[in-house]
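The values are calculated or read from the model by the stated rules, or taken from the named source; none is laboratory data. Bear in mind that the values here come from a model prediction, so they are computed numbers and not experimental data. Here the Cβ positions follow ideal geometry from the backbone for every residue, glycine too, while neighbour counts run over all protein chains shown. Remember, those area values only see protein heavy atoms, side chains included, never the ligands or the DNA or RNA. Shrake-Rupley method; radii C 1.70, N 1.55, O 1.52, S 1.80 Å.
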Amino acid sequence: LKRTFKTQDFIIIGDTPRDIQCAREAGIEVIIVATGLSPYEKLAEEKPDLLVHTLEDQRVFDFIK
């Protein structure tokens, strides 16, 4: 691509506490989708940048703009 990327150019999208930990360690923002594999409350405790029940949530589109 002949382009230099920065961490702020990325957003991690995941559904587990480990995805949040990965994002934090890399300094990347994280959107977590509560798919049911990890309880919503447990995911909220990890304080992702955005926590939603579905990727169709309007806040996801607002977040990535």
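When residue 3 is tested against (1) assigned to a helix (DSSP H, G or I); (2) open to solvent by 90 Å² or more (accessible area, probe 1.4 Å), only condition (1) is not met. Within the range 47-62, the set of residues being within 17 Å of residue 27 (Cβ to Cβ), out of contact with any helix residue (DSSP H, G or I) (no Cβ under 6 Å at 6 or more places or on another chain) and not basic (Lys, Arg) comprises 49 only.
Residues that are assigned to a loop (DSSP other than H, G, I, E, B) and touching a strand residue (DSSP E or B) at 6+ places or on another chain (Cβ under 8 Å) within the range 28-45 comprise 28, 34, listed in sequence order.
If I filter the range 25-32 for residues that are free of Cβ contacts under 8 Å to residues at least 24 places away in the same chain, closer than 20 Å to residue 64 by Cβ and in contact with a Gly (Cβ under 7 Å, 6 or more places away or on another chain), do I get at least one hit? Within the range 25-32, one or more residues are free of Cβ contacts under 8 Å to residues at least 24 places away in the same chain, closer than 20 Å to residue 64 by Cβ and in contact with a Gly (Cβ under 7 Å, 6 or more places away or on another chain).
Within the range 24-47, take every residue that is under 21 Å from residue 62 (Cα atoms) and of a type in the set (A, V, I, L, M) and give me the one that is surrounded by the most Cβ atoms within 10 Å (Cβ to Cβ). Taking the candidates together, the pick is 32.
Of all residue pairs spaced 6 or more apart or on separate chains, those with beta-carbon atoms under 9 Å, a first member in the range 47-65 that is hydroxyl-bearing (Ser, Thr, Tyr) and a second member that is open to solvent by 40 Å² or more (accessible area, probe 1.4 Å) are 54/35. Being open to solvent by 100 Å² or more (accessible area, probe 1.4 Å) and not in a loop (DSSP other than H, G, I, E, B) is a property that residue 56 lacks. Please find, among 21, 8, the residue that is open to solvent by 80 Å² or more (accessible area, probe 1.4 Å), part of a helix (DSSP H, G or I) and at pLDDT below 95. Only one candidate qualifies: 8.
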